[in-house]
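Laboratory data are not the source of any read-out in this text; all were calculated from the coordinates shown. Not measured: the values here are computed from a predicted model. Counting neighbours? That spans all protein chains shown, and the Cβs are built from the backbone with ideal geometry, glycine included.
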Amino acid sequence: MMDVEIWSDVVCPWCAIGKVRFERALAAFGHADEVTVRWRSFELDRHAPASRDGDYAAMLAAKYRTTTDQAQAMIDRMVDQGAAEGLDFRFDIVKPGNTFDAHRVLHLAAERGLQHEVKDRFLDAYHSEGEEVGDHDVLVRLAADAGMDAEEVRTMLATDDFADAVRADEEQAVEYGISGVPFFVLDRRMGVSGAQPTEVLLQALEQAWAARTEDTPSAASHADHEHAGDTCGVDGCAVAS
C-alpha cells in the first residue's frame, strides 16, 4: 500500500477545497485501491479560545493586520473557489474556535475506521452550518452523525486521550517544514503544498507511485510544481498568485 498523509485543520477553507480535489485525483488514479489516506493534525491557532464572536472579516483583518476590505476580498475568493468545487462556504455564520479537541476526535475516529467520515462532517459543519467545533457537545453530535458512538466520544473528550497524538502530528509537521495547510505527504517521499488543482495532485500520486521502485525511500519534501497551492497557516490564508 502507498500511504498518503494530509496535514490540515477543520477550520481551514483551503483544506476543504484541497480535500475535494485530492479525492477526485485519487478516483482517477490507477492504483487507488492500493492507497491508504490518513488525516494529520495541524492547528491554525493553538491559542484560540473555544469560541469567538464577531464579524469574520473584521476578525481576519485584526489578526492578520490588514484592512477589512482586503480580508473580505480574500473571503470572496475562497467562497468562489469553494463553489467551483461544490462547497457552500458560509463565512457569514462561521464560528471560529479552538480545534485541538476536534483533532483528538479525528484520531479516535481513525482507530474506529471512520476518520474520513468524521473529517467530512467537521469540515461541512464548520464552513457551511455555523457549528462551533470547539464545543464538546457539538463535537459529540457531529461525530455521531458520522457514525461514531456518541458516548465513547464524550468519554474520550473528558480525558486527555490522543493529546500526545495531536502534538506528535504537529511536531512531525515542523520537521517537514510545513507552515501552511493542506499539505500532502505521499509515501514519505514527496510533499505537495496547498490546494493544488486535481491534475497536479494526480500527477503527484503517479510520481510517488513510480518512485516506489527506488531502493531507498527519501524523506518528504516540498514538491516542485509550476504553481504554489493556496494554503492557510498560522499567519493567515495565502492566495497563490
Where labels lie 7 Å past Cα in the beta-carbon direction, separation of Met59 and Asp45 in nm: 0.6
Contact order relative to length of the chain, as percent, for alpha carbon pairs under 8 angstrom and 6 or more apart: 27
³J(HN,Hα), Karplus 6.51/-1.76/1.60, whole Hz, each residue of the stretch 148-159, x for Gly, Pro: 7, 6, 4, 5, 5, 5, 4, 5, 4, 5, 7, 10
Amide H contacts of Gly233 (H built 1.01 Å from N, under 5 Å, at least 5 apart or other chain): Val181, Ala238
Computed label-point distance, nm, for sites Asp80 and Thr155 using a 7 Å Cα→Cβ extension: 5.0
5 angstrom amide H check on Val4, placed H, neighbours 5+ away: Thr36, Val37, Arg38, Asp187
Charge-dipole axis of the chain as Lys and Arg at +1 and Asp and Glu at -1 on Cβ define it, positive-most pick from Val200, Ala28, Val185: Val200
Those lysines that a straight Cα-Cα span of less than 21 Å connects to Lys119, excepting residues fewer than 8 apart in one chain: Lys19, Lys95
For the stretch 26-164, Kirkwood radius (reciprocal of mean inverse C-alpha pair distance, Å): 16.4
Backbone HN-Hα couplings from phi across the stretch 42-51 [Karplus 6.51/-1.76/1.60, Hz, Gly and Pro as x]: 8, 9, 5, 8, 4, 9, 5, x, 4, 8
Ellipticity estimate at 222 nm from DSSP helix runs (n ≥ 4, -39,500 (n - 2.57)) divided over the chain, nearest 500: -15000 deg cm²/dmol
Estimated vicinal HN-Hα couplings, Hz - the stretch 53-65 in sequence order (Karplus 6.51, -1.76, 1.60; Gly, Pro = x): 10, x, 5, 5, 4, 5, 5, 4, 4, 5, 5, 9, 6
